[in-house]
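Note sheet for the following structure.
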Amino acid sequence: GVTRLLLTRIPFFKEIIVSSFSCPSCSWSNTEIQSAGRIQEQGVCYTLAVTSRQDMNREVVKTDCASARIPELDFEIPAFSQKGVLTTIEGIIDRAVAGLEQDQPARRAMDKEVARKIDEFIGKLRQLKEVNSPFTFILDDPSGNSFVENPHAPQRDEALVVTHYRRSPQEAAVLGLEGEEVDAKLPDTAEDLRDEVLQFSTNCPECNAPASTNMKLVQIPHFKEVIIMATNCDSCGHRTNEVKSGGAIEPQGTRITLRITDPSDMTRDILKSETCSVEIPELEFELGMGALGGKFTTLEGLLKDIRDLVEKNPFTLGDSSTPSRTGKLQEFIGKLQDVKGKSQAHFIMDDPAGNSYLQNVYAPEEDPELSVQRYERTFEQNEELGLNDMKTEGYEPEAASGR
C-alpha cells in the first residue's frame, strides 16, 4: 500500500503530521496523527459524563502519550500503547474492541478461560456504545495536546470538566523533558529584582527559532508585586507575554464584578492569574481556570484574546465545522464586539487564590461600578490549589524528634 504524510498547521493545536495508509488489495485504510509542535506548558485532563448517543459522536484528538480510562469498567488504554488519532469516543471504543479481538482465536486454543473473560469484557464495551447507562470517559494527556469537543461552544459544557495540571518529574521524563538547572545567581534582595530585567534563552513557540525571554518584577499600585515575562522572536515576529503572581496565595478568594457602562471601561488594566475564571452572564459565557494563562493587559485586550480563542477552535474551521455551530459562534462574536462600546454587560473575575486585579479608576476612592467580594474557599478549591496537603507549621519539631 501507500502511506501519505502531510505536515499541516491547525489552529489551537499548532502543527501536526497527518499520515494516511490505504491498501488497494483489501481496501483496508488507517489514519494517524502525530504532534509536530511544542509540548504545552501544562498537562490536561478531560472528564466527560457520557449520558446519550450524541455524546458518543464527540470528536476527540488523542495523542500517543495520552491515556484513556472508563472507571465504571476499570478499563484503561495506557499511554504510548496506540498511535495518535483524530476520532470520536465511539471510535476509541471500537478501536479497543478491535485490539482485544485480534488475538482471540489463539487465546481460545491456548487458554479458554482467559478467552471467555475477554469475550465478556468485549460485550461490556459494545454495550457502552448503546449508552443504556451513563459512564465516565477520562482523557489524560501530560503533553497538553489532546482535545475533547464541546458541542455547546462558546457556552460552558456541564458534562465536560477540563483540568490543567503541572507535570510530575516522572511524566516530564517520559516526554523527554529534562529539568534545567539555573546556574546564574539571582540578586540577593527584592530591591535588586525590581531594578533588573532578567533574561534567559528559549525557543520560539511558533517557528522554534532561538529567542530570549525577559522577566521583570513589577509593583502594581493598590495591589501587589507580579512577575511579567515577555518573549519576542526576531525570526517570525511572534510575541507573547505571561504574568505570574509574585506573592503568596491570599487567605481568601476574590470575586471581582465590573458593570461595563462606557467604552472608557475598556482601558482598565487587568491582571488575570492562571487560577482565575472569567464570566460574562449576559452572553452566557464562562472561561475556565487555566485557559489563556496569566495575563496583564486591558479589558479590551482580554476580550480580544477571548475572541481569538473562540475563533481558533479547530472544530469550527474547515471541514470539521457545521453551519449551525459556526452560526452560533459568529453570533457570539458579534455580541462580544457589542460589549466593547454599544451594550452594557457584567464582567466577573473569580480567583480562588486572590491574585487577580481589576483597576479602580477612582482609587483611592470607591468605584461605583466595581465590587470586590472576599469569600472562604471550598475544600475542592483548596484541593485544586494544592493547599489541603500543604503543611507550613509544626513540621520542624516532628523532624527534630525523628532524628
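For every residue, the table says whether it meets (1) part of a strand (DSSP E or B); (2) modelled with pLDDT of 90 or more; (3) more than 30 Å from VAL131 (Cβ to Cβ).
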position: LEU6; (1), (2), (3): yes, no, yes
position: ILE17; (1), (2), (3): yes, no, yes
position: ILE33; (1), (2), (3): yes, no, no
position: VAL44; (1), (2), (3): yes, yes, no
position: ALA68; (1), (2), (3): yes, yes, no
- Search the range 121-137 for residues that are on the phi > 0 side of the Ramachandran plot and pair each with any residue that is of a type in the set (Val, Ile, Thr) when their beta-carbon atoms are under 9 Å apart and the residues are at least 6 apart or on different chains. VAL131/VAL50; VAL131/THR51
- Just give me the residues in the range 257-278 being open to solvent by 10 Å² or more (accessible area, probe 1.4 Å) and among the β-branched types (Val, Ile, Thr), in sequence order. THR257, THR261, THR267, THR275
- Item | Set THR51, THR87: member being surrounded by 14 or more Cβ atoms within 10 Å (Cβ to Cβ) and among the β-branched types (Val, Ile, Thr) | THR87
- Query: Taking the range 374-403 as the search range and keeping residues that are loosely packed, with under 12 Cβ neighbours inside 10 Å and within 14 Å of THR254 (Cα to Cα), which one is modelled with the lowest pLDDT?
  - Reply: THR378
- Item | Breaking point among (1) in contact (Cβ under 8 Å) with a residue 40 or more places away in the chain; (2) surrounded by 16 or more Cβ atoms within 10 Å (Cβ to Cβ); (3) over 29 Å from ALA153 (Cα atoms), for LEU73 | (2)
- Item | Members of the range 100-142 found to be open to solvent by less than 40 Å² (accessible area, probe 1.4 Å) and more than 30 Å from HIS164 (Cα to Cα), listed by number | GLN104, ALA115, ILE118, ILE122, GLY123
- Could you pull out every one of the strands (runs of 3 or more DSSP E) wholly within the range 198-306 that has 2 or more residues that are farther than 29 Å from LYS328 by Cβ? 198-203, 210-219, 225-232, 239-245, 253-260, 269-272
- Message: Any residue that is under 26 Å from VAL161 (Cβ atoms) and more than 22 Å from the chain's Cα centre (by Cα) - is there at least one of those in the range 256-268?
- Response: yes
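The values are calculated or read from the model by the stated rules, or taken from the named source; none is laboratory data. Remember, predicted model here, so these are calculated numbers, not experimental data. Positions of Cβ are generated from backbone atoms using ideal geometry, with glycine treated the same way; all protein chains shown enter the neighbour counts. To get the accessible areas, we keep the full protein, side chains included, count just its heavy atoms, and leave off ligands, DNA and RNA. Shrake-Rupley method; radii C 1.70, N 1.55, O 1.52, S 1.80 Å.
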